[in-house]
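The values are calculated or read from the model by the stated rules, or taken from the named source; none is laboratory data. Here the structure is a predicted model, which means the values were calculated and not measured. Cβ: placed from backbone, ideal geometry, glycine included. Neighbour counts: every protein chain shown. These area figures cover heavy atoms from the full protein model, side chains too; ligands, DNA and RNA do not enter into them. Shrake-Rupley method; radii C 1.70, N 1.55, O 1.52, S 1.80 Å.
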Amino acid sequence: MVLAELGGSISRALQQMSNATIIDEKVLNECLNEITRALLQADVQFKLVRDMTTNIKKIVNLDDLAAGHNKRRIIQQAVFNELCKILDPGKASFTPKKGKPSIVMFVGLQGSGKTTTCTKYAYYHQKKGWKPALVCADTFRAGAFDQLKQNATKAKIPFYGSYTESDPVKIAVDGVETFKKENCDLIIVDTSGRHKQETALFEEMRQVSEATKPDLVIFVMDSSIGQAAFDQAQAFKQSVAVGAVIVTKMDGHAKGGGALSAVAATKSPVIFIGTGEHMDEFDVFDVKPFVSRLLGMGDWSGFMDKIHEVVPMDQQPELLQKLSEGHFTLRIMYEQFQNILKMGPIGQVFSMLPGFSAELMPKGRENESQAKIKRYMTMMDSMTNEELDTSNPKLMTDSRIMRIARGSGHQVHEVMDMMEEYKRLAKMWSKMKGLKIPKKGEMSALSRNMNAQHMSKVLPPQMLKQIGGMGGLQNLMKQMGSAKDMMGGMGGMFGGGDK
Ligand SMILES: Nc1nc2c(ncn2[C@@H]2O[C@H](COP(=O)(O)OP(=O)(O)OP(=O)(O)O)[C@@H](O)[C@H]2O)c(=O)[nH]1
(Lines give C-alpha, C1' and ligand atoms only; values in the text may rest on other atoms or scores of the structure.)
Protein backbone atom coordinates (compact mmCIF):
# COMPACT_ATOMS: atom_id res chain seq x y z
CA MET A 1 0.00 0.00 0.00
CA VAL A 2 1.59 3.18 -1.18
CA LEU A 3 0.21 5.15 1.74
CA ALA A 4 2.54 3.07 3.89
CA GLU A 5 5.38 4.86 2.11
CA LEU A 6 3.88 8.18 3.10
CA GLY A 7 3.60 6.99 6.69
CA GLY A 8 7.14 5.63 6.52
CA SER A 9 8.50 8.99 5.29
CA ILE A 10 6.70 10.93 8.02
CA SER A 11 7.79 8.49 10.72
CA ARG A 12 11.38 8.69 9.47
CA ALA A 13 11.29 12.50 9.55
CA LEU A 14 10.02 12.37 13.14
CA GLN A 15 12.62 9.77 14.06
CA GLN A 16 15.47 11.81 12.61
CA MET A 17 14.27 14.77 14.62
CA SER A 18 14.19 12.60 17.75
CA ASN A 19 17.76 11.51 17.16
CA ALA A 20 19.01 15.09 17.24
CA THR A 21 20.65 16.02 20.55
CA ILE A 22 18.98 19.40 20.69
CA ILE A 23 15.71 20.20 19.00
CA ASP A 24 16.06 23.74 17.71
CA GLU A 25 14.42 25.75 14.95
CA LYS A 26 16.68 24.21 12.30
CA VAL A 27 15.90 20.61 13.31
CA LEU A 28 12.16 21.33 13.47
CA ASN A 29 12.22 23.01 10.04
CA GLU A 30 14.08 20.08 8.50
CA CYS A 31 11.54 17.70 9.95
CA LEU A 32 8.60 19.76 8.69
CA ASN A 33 10.20 20.08 5.23
CA GLU A 34 10.49 16.30 5.03
CA ILE A 35 6.86 15.88 6.07
CA THR A 36 5.76 18.53 3.55
CA ARG A 37 7.64 16.75 0.76
CA ALA A 38 6.07 13.40 1.65
CA LEU A 39 2.54 14.83 1.76
CA LEU A 40 2.94 16.68 -1.54
CA GLN A 41 4.27 13.51 -3.14
CA ALA A 42 1.12 11.76 -1.96
CA ASP A 43 -0.78 14.56 -3.72
CA VAL A 44 -2.25 16.23 -0.66
CA GLN A 45 -3.31 19.77 -1.61
CA PHE A 46 -0.58 22.37 -1.19
CA LYS A 47 -2.81 24.69 0.82
CA LEU A 48 -3.66 21.96 3.32
CA VAL A 49 0.00 21.10 3.75
CA ARG A 50 1.01 24.74 4.17
CA ASP A 51 -1.71 25.33 6.76
CA MET A 52 -0.63 22.22 8.59
CA THR A 53 3.01 23.27 8.92
CA THR A 54 2.01 26.81 9.94
CA ASN A 55 -0.23 25.38 12.66
CA ILE A 56 2.47 23.03 13.92
CA LYS A 57 4.95 25.88 14.17
CA LYS A 58 2.38 27.92 16.08
CA ILE A 59 1.70 25.09 18.53
CA VAL A 60 5.32 24.12 18.94
CA ASN A 61 6.85 27.41 19.93
CA LEU A 62 10.34 26.22 20.74
CA ASP A 63 11.29 29.44 22.56
CA ASP A 64 8.35 29.10 24.93
CA LEU A 65 8.96 25.46 25.71
CA ALA A 66 11.00 25.21 28.87
CA ALA A 67 14.04 22.96 28.77
CA GLY A 68 12.27 20.26 30.75
CA HIS A 69 9.49 19.88 28.19
CA ASN A 70 9.54 16.82 26.03
CA LYS A 71 9.73 18.68 22.73
CA ARG A 72 9.83 15.51 20.70
CA ARG A 73 6.52 14.30 22.14
CA ILE A 74 4.89 17.70 21.69
CA ILE A 75 5.97 17.87 18.03
CA GLN A 76 4.83 14.31 17.34
CA GLN A 77 1.47 15.02 18.94
CA ALA A 78 1.10 18.21 16.89
CA VAL A 79 1.88 16.35 13.65
CA PHE A 80 -0.61 13.65 14.61
CA ASN A 81 -3.35 16.18 15.43
CA GLU A 82 -2.80 18.18 12.26
CA LEU A 83 -2.89 15.09 10.05
CA CYS A 84 -6.15 14.11 11.73
CA LYS A 85 -7.53 17.58 11.10
CA ILE A 86 -6.77 17.29 7.38
CA LEU A 87 -8.70 14.03 7.12
CA ASP A 88 -11.58 14.70 9.49
CA PRO A 89 -14.66 16.55 8.21
CA GLY A 90 -15.82 16.83 11.81
CA LYS A 91 -19.11 15.00 11.43
CA ALA A 92 -20.16 11.38 11.35
CA SER A 93 -22.31 9.84 8.63
CA PHE A 94 -25.59 8.02 9.07
CA THR A 95 -24.82 4.54 10.37
CA PRO A 96 -27.28 1.76 9.53
CA LYS A 97 -28.47 -0.32 12.48
CA LYS A 98 -28.49 -4.10 12.43
CA GLY A 99 -32.02 -5.51 12.34
CA LYS A 100 -33.57 -2.22 11.22
CA PRO A 101 -34.07 -1.93 7.44
CA SER A 102 -31.83 0.66 5.79
CA ILE A 103 -31.43 1.57 2.15
CA VAL A 104 -27.96 2.55 1.02
CA MET A 105 -27.44 3.90 -2.49
CA PHE A 106 -24.02 3.83 -4.16
CA VAL A 107 -23.03 6.49 -6.71
CA GLY A 108 -19.81 7.17 -8.60
CA LEU A 109 -18.18 7.36 -12.01
CA GLN A 110 -17.78 4.31 -14.22
CA GLY A 111 -14.76 2.28 -13.25
CA SER A 112 -14.44 3.85 -9.82
CA GLY A 113 -14.99 0.43 -8.30
CA LYS A 114 -18.63 1.01 -7.37
CA THR A 115 -19.98 -2.46 -8.09
CA THR A 116 -17.03 -4.17 -6.41
CA THR A 117 -17.42 -1.86 -3.40
CA CYS A 118 -21.17 -2.55 -3.09
CA THR A 119 -20.36 -6.23 -2.69
CA LYS A 120 -17.50 -5.57 -0.28
CA TYR A 121 -19.82 -3.40 1.81
CA ALA A 122 -22.51 -6.09 1.81
CA TYR A 123 -19.98 -8.82 2.62
CA TYR A 124 -18.45 -6.79 5.44
CA HIS A 125 -21.88 -6.46 7.09
CA GLN A 126 -22.89 -10.04 6.36
CA LYS A 127 -19.83 -11.24 8.28
CA LYS A 128 -21.07 -9.22 11.22
CA GLY A 129 -24.45 -10.93 11.17
CA TRP A 130 -26.47 -8.55 9.01
CA LYS A 131 -28.87 -9.60 6.28
CA PRO A 132 -27.72 -7.53 3.29
CA ALA A 133 -29.05 -7.61 -0.28
CA LEU A 134 -27.87 -6.08 -3.54
CA VAL A 135 -29.96 -4.33 -6.19
CA CYS A 136 -28.40 -3.63 -9.60
CA ALA A 137 -29.97 -0.42 -10.92
CA ASP A 138 -27.16 0.08 -13.43
CA THR A 139 -28.84 -0.26 -16.82
CA PHE A 140 -26.23 1.88 -18.57
CA ARG A 141 -23.24 -0.45 -18.67
CA ALA A 142 -23.79 -3.73 -20.49
CA GLY A 143 -22.60 -6.49 -18.19
CA ALA A 144 -23.13 -4.53 -14.97
CA PHE A 145 -25.87 -6.90 -13.78
CA ASP A 146 -23.77 -9.94 -14.63
CA GLN A 147 -20.86 -8.54 -12.65
CA LEU A 148 -23.01 -7.83 -9.60
CA LYS A 149 -24.68 -11.22 -9.90
CA GLN A 150 -21.30 -12.95 -10.04
CA ASN A 151 -19.94 -11.02 -7.04
CA ALA A 152 -23.12 -11.54 -5.03
CA THR A 153 -23.27 -15.25 -5.78
CA LYS A 154 -19.66 -15.68 -4.68
CA ALA A 155 -20.41 -13.96 -1.38
CA LYS A 156 -23.81 -15.70 -1.01
CA ILE A 157 -25.67 -12.39 -0.89
CA PRO A 158 -29.18 -12.16 -2.39
CA PHE A 159 -29.39 -9.90 -5.44
CA TYR A 160 -31.98 -8.34 -7.72
CA GLY A 161 -31.71 -7.04 -11.29
CA SER A 162 -33.09 -7.43 -14.78
CA TYR A 163 -31.76 -8.19 -18.25
CA THR A 164 -34.82 -6.72 -19.96
CA GLU A 165 -36.01 -3.74 -17.91
CA SER A 166 -34.25 -0.56 -19.02
CA ASP A 167 -35.65 1.84 -16.42
CA PRO A 168 -33.19 2.02 -13.49
CA VAL A 169 -35.81 3.66 -11.27
CA LYS A 170 -38.24 0.77 -11.73
CA ILE A 171 -35.54 -1.82 -11.01
CA ALA A 172 -34.40 0.07 -7.92
CA VAL A 173 -37.93 0.38 -6.53
CA ASP A 174 -38.84 -3.26 -7.29
CA GLY A 175 -35.59 -4.49 -5.79
CA VAL A 176 -35.99 -2.46 -2.61
CA GLU A 177 -39.60 -3.65 -2.20
CA THR A 178 -38.61 -7.28 -2.75
CA PHE A 179 -35.89 -7.17 -0.11
CA LYS A 180 -37.99 -5.21 2.37
CA LYS A 181 -40.51 -8.05 2.23
CA GLU A 182 -37.68 -10.49 2.84
CA ASN A 183 -36.71 -8.58 5.98
CA CYS A 184 -33.25 -7.64 4.75
CA ASP A 185 -31.74 -5.00 7.01
CA LEU A 186 -29.26 -3.54 4.53
CA ILE A 187 -30.57 -2.99 1.01
CA ILE A 188 -27.77 -1.77 -1.22
CA VAL A 189 -28.63 -0.09 -4.53
CA ASP A 190 -25.87 0.03 -7.14
CA THR A 191 -26.51 2.79 -9.69
CA SER A 192 -25.13 3.53 -13.15
CA GLY A 193 -21.87 5.33 -13.72
CA ARG A 194 -20.58 7.37 -16.66
CA HIS A 195 -17.05 8.03 -17.83
CA LYS A 196 -17.31 11.61 -16.72
CA GLN A 197 -19.62 13.80 -14.68
CA GLU A 198 -22.57 14.54 -16.97
CA THR A 199 -26.11 15.81 -16.65
CA ALA A 200 -27.73 12.50 -17.64
CA LEU A 201 -25.90 10.68 -14.83
CA PHE A 202 -26.85 13.22 -12.19
CA GLU A 203 -30.47 13.27 -13.36
CA GLU A 204 -30.68 9.47 -13.16
CA MET A 205 -29.13 9.50 -9.69
CA ARG A 206 -31.65 12.08 -8.52
CA GLN A 207 -34.57 10.02 -9.83
CA VAL A 208 -33.37 6.78 -8.24
CA SER A 209 -32.78 8.61 -5.00
CA GLU A 210 -36.23 10.23 -5.01
CA ALA A 211 -37.93 6.92 -5.72
CA THR A 212 -36.05 4.76 -3.21
CA LYS A 213 -35.50 7.37 -0.47
CA PRO A 214 -32.14 6.01 0.68
CA ASP A 215 -31.06 6.47 4.29
CA LEU A 216 -27.52 6.96 3.08
CA VAL A 217 -25.92 7.80 -0.26
CA ILE A 218 -22.32 6.64 -0.55
CA PHE A 219 -20.07 8.22 -3.15
CA VAL A 220 -17.38 5.84 -4.42
CA MET A 221 -14.21 7.43 -5.67
CA ASP A 222 -11.04 6.04 -7.24
CA SER A 223 -8.03 7.22 -5.24
CA SER A 224 -5.84 7.50 -8.33
CA ILE A 225 -7.49 10.74 -9.39
CA GLY A 226 -5.58 12.59 -6.67
CA GLN A 227 -6.40 16.26 -6.36
CA ALA A 228 -9.24 16.05 -8.93
CA ALA A 229 -11.07 14.29 -6.11
CA PHE A 230 -12.13 17.57 -4.58
CA ASP A 231 -14.10 18.75 -7.64
CA GLN A 232 -15.54 15.34 -8.34
CA ALA A 233 -16.77 14.79 -4.81
CA GLN A 234 -18.28 18.27 -4.73
CA ALA A 235 -20.08 17.76 -8.05
CA PHE A 236 -21.69 14.56 -6.77
CA LYS A 237 -22.55 16.13 -3.46
CA GLN A 238 -24.33 19.02 -5.18
CA SER A 239 -26.51 16.62 -7.20
CA VAL A 240 -27.48 14.09 -4.59
CA ALA A 241 -27.32 14.07 -0.80
CA VAL A 242 -23.96 12.28 -0.45
CA GLY A 243 -23.61 11.30 3.19
CA ALA A 244 -20.36 9.33 3.09
CA VAL A 245 -17.48 8.47 0.82
CA ILE A 246 -15.56 5.28 0.07
CA VAL A 247 -12.18 5.73 -1.55
CA THR A 248 -11.10 2.72 -3.62
CA LYS A 249 -7.80 1.38 -4.97
CA MET A 250 -5.79 2.67 -2.04
CA ASP A 251 -3.48 -0.26 -2.67
CA GLY A 252 -2.01 1.02 -5.84
CA HIS A 253 -1.63 4.76 -5.92
CA ALA A 254 0.78 7.32 -4.60
CA LYS A 255 -1.98 9.90 -4.89
CA GLY A 256 -4.15 8.23 -2.26
CA GLY A 257 -3.36 10.90 0.29
CA GLY A 258 -4.74 13.56 -2.03
CA ALA A 259 -8.00 11.72 -2.57
CA LEU A 260 -8.51 11.15 1.14
CA SER A 261 -7.76 14.69 2.19
CA ALA A 262 -9.73 16.30 -0.63
CA VAL A 263 -12.80 14.23 0.11
CA ALA A 264 -12.71 15.07 3.79
CA ALA A 265 -12.55 18.72 2.82
CA THR A 266 -15.99 18.38 1.21
CA LYS A 267 -17.40 17.61 4.68
CA SER A 268 -18.44 14.03 3.95
CA PRO A 269 -16.59 11.47 6.01
CA VAL A 270 -14.68 8.68 4.35
CA ILE A 271 -16.13 5.55 5.95
CA PHE A 272 -14.21 2.75 4.23
CA ILE A 273 -11.25 2.38 1.93
CA GLY A 274 -10.78 -0.29 -0.73
CA THR A 275 -7.34 -1.84 -0.60
CA GLY A 276 -7.49 -4.49 -3.31
CA GLU A 277 -9.73 -6.36 -5.71
CA HIS A 278 -10.68 -9.08 -3.24
CA MET A 279 -13.85 -9.06 -1.22
CA ASP A 280 -12.12 -8.64 2.13
CA GLU A 281 -9.67 -5.99 1.01
CA PHE A 282 -11.86 -3.37 2.56
CA ASP A 283 -11.08 -1.40 5.71
CA VAL A 284 -13.14 0.75 7.99
CA PHE A 285 -11.78 4.25 7.78
CA ASP A 286 -11.50 5.99 11.09
CA VAL A 287 -9.32 9.07 11.13
CA LYS A 288 -7.37 8.67 14.39
CA PRO A 289 -6.56 4.97 14.11
CA PHE A 290 -5.72 5.50 10.44
CA VAL A 291 -3.21 8.27 11.18
CA SER A 292 -1.91 6.28 14.10
CA ARG A 293 -1.25 3.29 11.83
CA LEU A 294 0.17 5.53 9.14
CA LEU A 295 2.75 6.83 11.58
CA GLY A 296 3.55 3.36 12.90
CA MET A 297 1.95 4.20 16.25
CA GLY A 298 -0.46 1.26 16.15
CA ASP A 299 -4.22 0.99 16.42
CA TRP A 300 -5.27 -0.98 19.45
CA SER A 301 -8.98 -0.72 19.00
CA GLY A 302 -8.74 -1.91 15.39
CA PHE A 303 -6.44 -4.72 16.42
CA MET A 304 -8.76 -5.85 19.19
CA ASP A 305 -11.78 -5.62 16.88
CA LYS A 306 -10.02 -7.91 14.40
CA ILE A 307 -9.19 -10.38 17.15
CA HIS A 308 -12.75 -10.39 18.49
CA GLU A 309 -14.06 -10.76 14.96
CA VAL A 310 -12.10 -13.91 14.24
CA VAL A 311 -11.50 -15.61 17.57
CA PRO A 312 -14.84 -16.42 19.15
CA MET A 313 -14.61 -15.58 22.84
CA ASP A 314 -16.04 -18.90 23.97
CA GLN A 315 -13.25 -20.82 22.26
CA GLN A 316 -10.53 -19.01 24.13
CA PRO A 317 -10.53 -20.57 27.61
CA GLU A 318 -10.33 -24.00 26.06
CA LEU A 319 -7.43 -22.95 23.88
CA LEU A 320 -5.62 -21.36 26.81
CA GLN A 321 -6.17 -24.46 28.91
CA LYS A 322 -4.59 -26.66 26.25
CA LEU A 323 -1.65 -24.31 25.83
CA SER A 324 -1.09 -24.07 29.56
CA GLU A 325 -0.84 -27.85 29.62
CA GLY A 326 1.76 -27.71 26.88
CA HIS A 327 -0.66 -29.48 24.55
CA PHE A 328 -0.16 -27.81 21.19
CA THR A 329 -1.64 -30.06 18.52
CA LEU A 330 -1.83 -29.90 14.76
CA ARG A 331 -5.55 -29.23 15.18
CA ILE A 332 -4.80 -26.11 17.21
CA MET A 333 -2.41 -25.02 14.50
CA TYR A 334 -5.14 -25.66 11.91
CA GLU A 335 -7.66 -23.59 13.87
CA GLN A 336 -5.15 -20.79 14.29
CA PHE A 337 -4.47 -20.81 10.55
CA GLN A 338 -8.21 -20.56 9.94
CA ASN A 339 -8.26 -17.51 12.20
CA ILE A 340 -5.40 -15.91 10.31
CA LEU A 341 -7.15 -16.35 7.01
CA LYS A 342 -10.37 -14.90 8.46
CA MET A 343 -8.43 -11.89 9.64
CA GLY A 344 -7.59 -10.85 6.12
CA PRO A 345 -4.25 -9.62 4.87
CA ILE A 346 -1.59 -10.16 7.52
CA GLY A 347 0.22 -6.94 6.72
CA GLN A 348 -2.90 -4.97 7.58
CA VAL A 349 -3.19 -6.68 10.93
CA PHE A 350 0.48 -6.11 11.67
CA SER A 351 0.18 -2.44 10.82
CA MET A 352 -2.19 -2.11 13.79
CA LEU A 353 0.61 -2.91 16.19
CA PRO A 354 2.66 -0.01 17.51
CA GLY A 355 6.03 0.20 15.86
CA PHE A 356 4.93 -1.67 12.78
CA SER A 357 4.00 -0.24 9.47
CA ALA A 358 2.45 -1.97 6.49
CA GLU A 359 5.78 -1.31 4.76
CA LEU A 360 7.29 -4.12 6.82
CA MET A 361 5.18 -6.71 5.09
CA PRO A 362 5.48 -6.19 1.34
CA LYS A 363 2.39 -7.24 -0.57
CA GLY A 364 4.11 -10.07 -2.47
CA ARG A 365 5.36 -11.74 0.68
CA GLU A 366 1.99 -11.38 2.31
CA ASN A 367 0.32 -13.32 -0.49
CA GLU A 368 3.09 -15.88 -0.25
CA SER A 369 2.42 -16.35 3.47
CA GLN A 370 -1.30 -16.77 2.92
CA ALA A 371 -0.75 -19.25 0.11
CA LYS A 372 1.57 -21.20 2.40
CA ILE A 373 -1.07 -21.32 5.14
CA LYS A 374 -3.67 -22.58 2.68
CA ARG A 375 -1.22 -25.23 1.45
CA TYR A 376 -0.57 -26.42 4.99
CA MET A 377 -4.30 -26.59 5.71
CA THR A 378 -4.92 -28.72 2.61
CA MET A 379 -2.25 -31.14 3.84
CA MET A 380 -3.79 -31.24 7.31
CA ASP A 381 -7.15 -32.03 5.70
CA SER A 382 -5.61 -35.34 4.65
CA MET A 383 -4.64 -36.26 8.21
CA THR A 384 -6.54 -38.54 10.56
CA ASN A 385 -8.23 -37.20 13.69
CA GLU A 386 -5.67 -39.03 15.78
CA GLU A 387 -2.86 -37.24 14.00
CA LEU A 388 -4.54 -33.87 14.36
CA ASP A 389 -5.21 -34.32 18.07
CA THR A 390 -1.84 -35.52 19.22
CA SER A 391 1.07 -33.41 20.29
CA ASN A 392 3.46 -36.24 19.50
CA PRO A 393 4.98 -35.64 16.07
CA LYS A 394 6.48 -39.13 16.14
CA LEU A 395 3.13 -40.45 14.91
CA MET A 396 4.12 -38.95 11.58
CA THR A 397 6.04 -41.85 10.16
CA ASP A 398 7.58 -41.73 6.70
CA SER A 399 4.76 -43.77 5.23
CA ARG A 400 2.12 -41.45 6.76
CA ILE A 401 3.93 -38.42 5.40
CA MET A 402 3.94 -40.01 1.95
CA ARG A 403 0.23 -40.81 2.20
CA ILE A 404 -0.61 -37.26 3.31
CA ALA A 405 1.45 -35.83 0.44
CA ARG A 406 -0.33 -38.06 -2.07
CA GLY A 407 -3.74 -37.46 -0.56
CA SER A 408 -3.39 -33.69 -0.62
CA GLY A 409 -1.65 -33.44 -3.99
CA HIS A 410 1.57 -32.10 -2.50
CA GLN A 411 5.22 -33.09 -2.43
CA VAL A 412 6.71 -35.05 0.48
CA HIS A 413 9.13 -32.22 1.25
CA GLU A 414 6.18 -29.83 1.56
CA VAL A 415 4.54 -32.03 4.20
CA MET A 416 7.87 -32.17 5.98
CA ASP A 417 8.08 -28.36 5.85
CA MET A 418 4.63 -28.18 7.40
CA MET A 419 5.70 -30.51 10.20
CA GLU A 420 8.77 -28.34 10.82
CA GLU A 421 6.49 -25.32 11.10
CA TYR A 422 4.36 -27.24 13.58
CA LYS A 423 7.40 -28.16 15.68
CA ARG A 424 8.59 -24.56 15.64
CA LEU A 425 5.20 -23.34 16.85
CA ALA A 426 4.89 -26.12 19.41
CA LYS A 427 8.28 -25.15 20.81
CA MET A 428 7.27 -21.52 20.97
CA TRP A 429 3.99 -22.30 22.72
CA SER A 430 5.64 -24.74 25.13
CA LYS A 431 6.98 -21.65 26.88
CA MET A 432 3.40 -20.93 27.91
CA LYS A 433 3.24 -24.15 29.89
CA GLY A 434 2.24 -23.59 33.47
CA LEU A 435 0.31 -20.43 32.79
CA LYS A 436 -2.50 -20.13 35.34
CA ILE A 437 -5.87 -20.00 33.64
CA PRO A 438 -8.57 -17.98 35.38
CA LYS A 439 -12.06 -19.31 35.80
CA LYS A 440 -14.89 -17.87 33.76
CA GLY A 441 -15.46 -14.16 34.45
CA GLU A 442 -11.96 -13.71 35.84
CA MET A 443 -10.30 -12.38 32.78
CA SER A 444 -8.42 -9.65 34.60
CA ALA A 445 -6.71 -12.33 36.64
CA LEU A 446 -5.19 -13.64 33.47
CA SER A 447 -3.87 -10.20 32.64
CA ARG A 448 -2.08 -10.23 35.99
CA ASN A 449 -0.80 -13.73 35.36
CA MET A 450 0.33 -13.15 31.87
CA ASN A 451 3.22 -10.86 32.40
CA ALA A 452 5.46 -9.27 29.86
CA GLN A 453 8.15 -11.78 30.78
CA HIS A 454 5.98 -14.58 29.46
CA MET A 455 5.18 -12.76 26.27
CA SER A 456 8.77 -11.76 25.63
CA LYS A 457 9.67 -15.44 25.41
CA VAL A 458 7.03 -16.05 22.81
CA LEU A 459 7.60 -13.06 20.57
CA PRO A 460 10.05 -13.38 17.70
CA PRO A 461 13.11 -11.26 18.64
CA GLN A 462 12.64 -8.96 15.65
CA MET A 463 9.11 -8.21 16.75
CA LEU A 464 10.17 -7.61 20.32
CA LYS A 465 12.73 -5.11 19.07
CA GLN A 466 10.09 -3.35 16.96
CA ILE A 467 7.83 -3.00 19.97
CA GLY A 468 10.61 -1.34 21.92
CA GLY A 469 12.04 -4.21 23.97
CA MET A 470 10.74 -5.18 27.40
CA GLY A 471 9.73 -1.60 28.26
CA GLY A 472 7.70 -1.27 25.09
CA LEU A 473 6.13 -4.66 25.68
CA GLN A 474 5.10 -3.76 29.23
CA ASN A 475 3.43 -0.60 27.95
CA LEU A 476 1.79 -2.53 25.21
CA MET A 477 0.36 -5.08 27.62
CA LYS A 478 -1.00 -2.34 29.80
CA GLN A 479 -2.84 -0.96 26.79
CA MET A 480 -4.10 -4.36 25.83
CA GLY A 481 -6.09 -4.65 29.02
CA SER A 482 -6.80 -8.26 28.33
CA ALA A 483 -3.78 -10.32 27.46
CA LYS A 484 -5.98 -13.28 26.81
CA ASP A 485 -7.11 -11.87 23.50
CA MET A 486 -3.58 -11.19 22.51
CA MET A 487 -2.60 -14.80 22.91
CA GLY A 488 -5.42 -16.23 20.94
CA GLY A 489 -5.00 -13.91 18.03
CA MET A 490 -1.34 -13.19 17.97
CA GLY A 491 -0.39 -16.80 18.36
CA GLY A 492 -2.11 -17.41 15.09
CA MET A 493 -0.47 -14.51 13.42
CA PHE A 494 3.05 -15.52 14.26
CA GLY A 495 2.35 -18.86 12.77
CA GLY A 496 1.35 -17.13 9.59
CA GLY A 497 4.42 -14.98 9.23
CA ASP A 498 7.44 -16.19 7.36
CA LYS A 499 10.18 -17.81 9.32
N1 LIG B 1 -6.72 -2.70 -6.87
C2 LIG B 1 -7.99 -2.43 -6.62
N3 LIG B 1 -8.90 -2.60 -7.59
C4 LIG B 1 -10.18 -2.32 -7.32
C5 LIG B 1 -10.61 -1.85 -6.05
N6 LIG B 1 -11.96 -1.66 -6.10
C7 LIG B 1 -12.34 -2.01 -7.36
N8 LIG B 1 -11.28 -2.40 -8.10
C9 LIG B 1 -11.24 -2.83 -9.51
O10 LIG B 1 -11.62 -1.74 -10.32
C11 LIG B 1 -12.25 -2.19 -11.52
C12 LIG B 1 -13.56 -1.45 -11.72
O13 LIG B 1 -14.45 -1.84 -10.69
P14 LIG B 1 -16.03 -1.93 -10.91
O15 LIG B 1 -16.59 -2.33 -9.61
O16 LIG B 1 -16.35 -2.75 -12.09
O17 LIG B 1 -16.33 -0.43 -11.26
P18 LIG B 1 -17.73 0.36 -11.34
O19 LIG B 1 -17.46 1.69 -10.78
O20 LIG B 1 -18.82 -0.44 -10.75
O21 LIG B 1 -17.99 0.52 -12.84
P22 LIG B 1 -19.43 0.83 -13.48
O23 LIG B 1 -20.35 -0.27 -13.04
O24 LIG B 1 -19.13 0.75 -14.93
O25 LIG B 1 -19.86 2.14 -13.02
C26 LIG B 1 -12.42 -3.69 -11.34
O27 LIG B 1 -11.40 -4.33 -12.05
C28 LIG B 1 -12.23 -3.91 -9.84
O29 LIG B 1 -11.71 -5.19 -9.55
C30 LIG B 1 -9.61 -1.66 -5.02
O31 LIG B 1 -9.86 -1.23 -3.88
N32 LIG B 1 -8.32 -1.96 -5.37
Residue pairs qualifying under the 7 Å Cβ cut-off, at least six apart or on distinct chains, with the first in region 139-150 being without any contact (Cβ under 8 Å) to a residue 24 or more places away in the chain and the second being surrounded by 21 or more Cβ atoms within 10 Å (Cβ to Cβ), are Phe145/Cys136; Phe145/Gly161; Lys149/Phe159; Lys149/Gly161
Contact list, first residue from region 272-285 and farther than 13 Å from Gly113 by Cα, second anywhere and in a loop (DSSP other than H, G, I, E, B) and within 6 Å of the ligand (Cβ to nearest atom), beta-carbon distance below 9 Å, six or more apart or interchain, is Asp283/Thr275
Of the residues in region 368-425, those that are open to solvent by 70 Å² or more (accessible area, probe 1.4 Å) and hydroxyl-bearing (Ser, Thr, Tyr) come to Ser399
All-but-one check, Asp286 against (1) within 16 Å of the ligand (Cβ to nearest atom); (2) surrounded by fewer than 21 Cβ atoms within 10 Å (Cβ to Cβ), failing number (1)
Note: among Asp215, Asp222, just one is charged (D, E, K, R) and within 21 Å of Pro132 (Cβ to Cβ), namely Asp215
For helices (runs of 4 or more DSSP H) lying entirely in region 49-156, having 2 or more residues that are more than 21 Å from the chain's Cα centre (by Cα), away from the ligand (no atom under 16 Å from the Cβ) and crowded, with 17+ Cβ neighbours inside 10 Å picks out 71-87
In the set Ala211, Ala262, the lone residue that is open to solvent by less than 10 Å² (accessible area, probe 1.4 Å), more than 15 Å from the ligand (Cβ to nearest atom) and either touching a helix residue (DSSP H, G or I) at 6+ places or on another chain (Cβ under 9 Å) or outside any helix (DSSP H, G or I) (or both) is Ala262
Conditions (1) of a type in the set (Val, Ile, Thr); (2) assigned to a loop (DSSP other than H, G, I, E, B); (3) touching a helix residue (DSSP H, G or I) at 6+ places or on another chain (Cβ under 8 Å) -> Val27 fails only (2)
Contact list, first residue from region 74-91 and touching a residue at least 12 places away in the same chain (Cβ under 8 Å), second anywhere and outside any helix (DSSP H, G or I) and surrounded by 17 or more Cβ atoms within 10 Å (Cβ to Cβ), beta-carbon distance below 6 Å, six or more apart or interchain, is Ile74/Val60; Ile75/Val60; Ala78/Val60; Pro89/Pro269
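Does Ala172 fit the bill of being at negative phi, open to solvent by 10 Å² or more (accessible area, probe 1.4 Å) and among the small types (Gly, Ala, Ser)? Please lay out each step first, then the result.
Numbers: at negative phi: yes; open to solvent by 10 Å² or more (accessible area, probe 1.4 Å): no; among the small types (Gly, Ala, Ser): yes.
The answer is no for Ala172.
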Across (1) at pLDDT 90 or above; (2) away from the ligand (no atom under 16 Å from the Cβ), Asp231 clears everything bar (1)
Going through (1) away from the ligand (no atom under 16 Å from the Cβ); (2) open to solvent by 20 Å² or more (accessible area, probe 1.4 Å); (3) modelled with pLDDT of 80 or more one by one, His278 fails only at (1)
The number of residues in region 244-259 that are open to solvent by 20 Å² or more (accessible area, probe 1.4 Å) and either within 11 Å of the ligand (Cβ to nearest atom) or of a type in the set (Gly, Ala, Ser) (or both) is 5
Within region 251-275, the residues that are aliphatic (A, V, I, L, M) and at pLDDT 85 or above are Val270, Ile271, Ile273
